[in-house]
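> My structure is below; once you've seen it, I'll send some questions.
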């Protein structure tokens, strides 16, 4: 049997539904006349599991899992990793430093742009964004440990 | 009618104030840019710019954000026609014949027809909004919890029925969205649900991080810069005016697209996207020369462009009159109104007439601005399209982070955005539409509250939804739609939705083939 995309997607939803249902043990279902905090989530999880099963059963119409195009995965992984590091540093380094580093790293690591071009662009862009958001629109941008 | 005219007069007295005009202009300009630039749609654009409106009053905020929404429908056509890449999802159909017209040297005419069609559709939509929303709001005052439950159920069923992907996939996404909406403190019992001792999750998951993650970051993750080429056709200003034959061919498609778009816009779902696909299908079906479609048919530009603009205006009817979002964009706009202490819904017309009518009047003005903005400034937008995508997306990621963080100054929200970006990427790979997820997230609190209140009212009797006339009517419509879906699924009959899905698939495949070819070259 060929493994198809809906087999994987359906199985993922079933697994997710079962896992969250297991985590919902402490939520009271209540009675129909007095529904508890757990009633709606538990009903939704059951619905999700049922639809997950339906997806698996009707998977023959979906394309084979092996045919899903993943050529963009390196790009996606790099972007997630770099943005994740930026999010971690954001409250410590503040807006100006974090955003300059974020844009610079994306341009040099992901896009392989010349370092000087990337540096000029990232500094210029961050300063413009800082002025527009922080000064013109008066949005309170995060200040880092260096005070800016 | 007299009352409506008086109210419109009040609206124009608000909309023509310099500050409101300024924010309408900013909204239209930003909306056009959002529509023009690939990789950022109206939802991400509105969500990112939402924090900027915190310092404005409710009227200025909603006027600006709505301007971004309908402005993006105008802007999306520019990229579709000149670049054959839809700047916005609803512009996919315009790519086909708009770009074919451009390759025949009629880029200016295609842009002009798209702009004029959008203007007519937008203006018609606003007139209808002014006429339909107030009486609907009066009717909605009679709604109690069972009616709201039935209405929201109908919304979800309609969304699933109208979806070009399968009923199961749409409802799965909606269920996931509803489930995400359950996170946080239960308003009736005070229980913490799925907050895992993270205090920020106590208030639940916000719509902005989810929307920006799914539609902004998710799109960027799946679009490596090498796949975005910039082969832009630059029209000359003197070529903008269509010839007599082109005007003649665009008249009826604009009229049909306008009416169809408005009616579809009222229905929940990604109406502006569905309406453009349906309009294209209808025009092709009734055309005396269907073979011209795909090779630069004027009707293939005029119809879909009018339809998506009318639909984006129609979507405001349930939002303003009932307080129910028909899609993720209206959901964010509702959130914006609520942040400003103006709850959308039946009481909006009476409690905040200046906001309601000022907003409607500003849309008349906004449509005129867009017409004046889009045609003369087309050269500027063409130059924007020449910015390499490799330099553009870091800017968009920066805006995503700022936009999400500034809503509540919560780094947890930014993490949620990042996670949702990955989820959006995965959903795209497995052919799931994330729009129902966002809609589910937004309606979750209203849906749960009204369902539980209905059950408490009836002492646990589900028949309450069949004992009240309005709720019964809505439930009968639900049952009818589900039966229609079931019949077509059991008999494997290809109805209009299946044909529409095929058209969508064909268009996407053509675009992907072109991108792959260009990448290889």
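> Taking other Cβ within 10 Å of each residue's Cβ, how do A:121, B:389 sort, fewest first?
A:121, B:389
> For helix B:2-15, what angle does its Cα long axis make with the longest principal axis of chain B, in degrees from 0 to 90 and rounded to 10?
Relative to chain B, helix B:2-15 is tipped by roughly 70 degrees.
> Regarding chain A, what's the average projected area of the Cα-atom convex hull, expressed in nm²?
Mean projected area of the Cα convex hull: 15.2 nm².
> Evaluate E = 1/(1 + (r/R0)^6) for residue A:67 and residue B:288, where r is the Cβ-Cβ distance and R0 equals 41 Å; express this FRET efficiency to the nearest 0.05. Display every interim value, and only then the final one.
On the way: r = 40 Å, r/R0 = 0.97.
That pair, residue A:67 with residue B:288, gives E of 0.55.
> Hey, rough spin-label estimate for residue A:108 and residue B:476, points 7 angstrom out along Cα→Cβ, what's it come to in nanometres?
6.9
> Something else now. Of the peptides A:103-116, B:172-185, how do they stack up when ordered by the mean number of other Cβ atoms within 10 Å, highest first?
Listed from highest to lowest mean packing, they are B:172-185, A:103-116.
> Same structure, new question: Would you please state which residues of segment A:1-35 a label at residue A:57 would reach in this model, taking the label point 7 Å out along Cα→Cβ and a backbone N cut-off of under 20 Å?
Hits in segment A:1-35 for residue A:57 at 20 Å: A:2-18.
> According to the square roots a ≥ b ≥ c of the eigenvalues of the Cα gyration tensor, what is the shape class of segment B:105-181, taking rounded for a/c under 1.5, prolate for a/b larger than b/c otherwise, and oblate for the remainder?
Oblate, because a/c is 1.5 or more while a/b does not exceed b/c.
> Give me A:122, B:306, B:250, B:287 ranked fewest to most by other Cβ atoms within 10 Å of their Cβ, as a rough exposure proxy.
By the 10 Å Cβ count, ascending: B:287, A:122, B:250, B:306.
> Over all distinct alpha-carbon pairs, what is the Kirkwood Rh of segment B:265-332 in angstrom?
12.6
> Summarise the partner chain shielding of A:59-69 as one whole number: the mean count of Cβ atoms from other chains within 10 Å of each residue's Cβ.
1
> Taking each residue in B:212-219, count the Cβ atoms of any other chain within 10 Å of its Cβ, then average. What number comes out?
Working: counts 0, 0, 0, 0, 0, 4, 1, 0.
The per-residue average across the peptide is 1.
> Give me D for segment A:73-136 in µm² s⁻¹, whole number, from Stokes-Einstein with Rh from the Kirkwood sum over alpha-carbon pairs, 20 °C and 1.002 mPa s.
177
> If one takes the longest principal axis of the Cα atoms in chain A, at what angle in degrees, from 0 to 90 and to the nearest 10, does the Cα axis of helix A:115-129 lie?
Once rounded, the angle reads 80 degrees.
> If you count, for each residue, the other Cβ atoms within 10 Å and average over each peptide, how do B:97-108, B:342-353 line up from highest to lowest? Working shown, then result.
On the way: B:97-108: 22.2, B:342-353: 18.4.
With the highest mean Cβ count within 10 Å placed first, the list reads B:97-108, B:342-353.
> If you average over every viewing direction, what projected area does the convex hull of the Cα atoms of segment B:351-500 give, in nm²?
In nm², the orientation-averaged hull projection of segment B:351-500 is 16.7.
> How far apart, in nm, are two points set 7 Å out from the Cα along the Cα-to-Cβ line at residue B:195 and at residue B:377?
So the label points at residue B:195 and residue B:377 sit 4.4 nm apart.
> Per q in 0.06, 0.09 1/Å, what log10 I(q)/I(0) does a Debye calculation on the alpha-carbon atoms of the protein assembly as shown return?
Results for the protein assembly as shown at q = 0.06, 0.09 Å⁻¹ read -0.32, -0.75.
> For chain B, what is the largest minus smallest coordinate of the Cα atoms on each principal axis, given in angstrom and ordered from greatest to least?
Dimensions of chain B along the principal axes of its Cα atoms: 68, 56, 55 Å.
> Still on this structure, please answer the following. Taking segment B:432-475 as the region of interest, what is the percent of Cα-Cα pairs per 10 angstrom bin, listed from the shortest bin to the one with the maximum distance?
Per 10 Å bin, starting at zero, the Cα-Cα P(r) for segment B:432-475 comes out as 25, 40, 27, 8 percent.
> Per residue, how much space in cubic angstrom lies within the convex hull of the C-alpha atoms of segment A:36-90?
Spelled out: Cα convex hull of segment A:36-90, divided by residues, is 113 Å³.
> Tell me, rounded to the nearest percent, the portion of alpha carbon pairs in segment A:5-67 spaced more than 13 Å apart.
64
> Let me know the mean shielding of B:172-178 by other chains, meaning the per-residue number of their Cβ atoms within 10 Å of its Cβ.
Shielding by partners across B:172-178 averages 6.
> Of A:61, A:34, A:86, which is the most mobile in a GNM of chain A whose springs link Cα atoms less than 10 angstrom apart?
Of A:61, A:34, A:86, the most mobile in the Gaussian network model is A:34.
> In what order do B:239, B:283, B:219 fall by count of nearby beta-carbon atoms within 10 Å, going from fewest to most? Each step should come with its number before you reach the end.
Details: B:239 14, B:283 26, B:219 21.
In order of increasing Cβ crowding within 10 Å: B:239, B:219, B:283.
No lab work stands behind these numbers, since they all come straight from the coordinates. No experiment lies behind these values; they were computed from the predicted model shown. Note: ideal-geometry Cβ built from the backbone for every residue, glycine included; neighbour counts use all protein chains shown.
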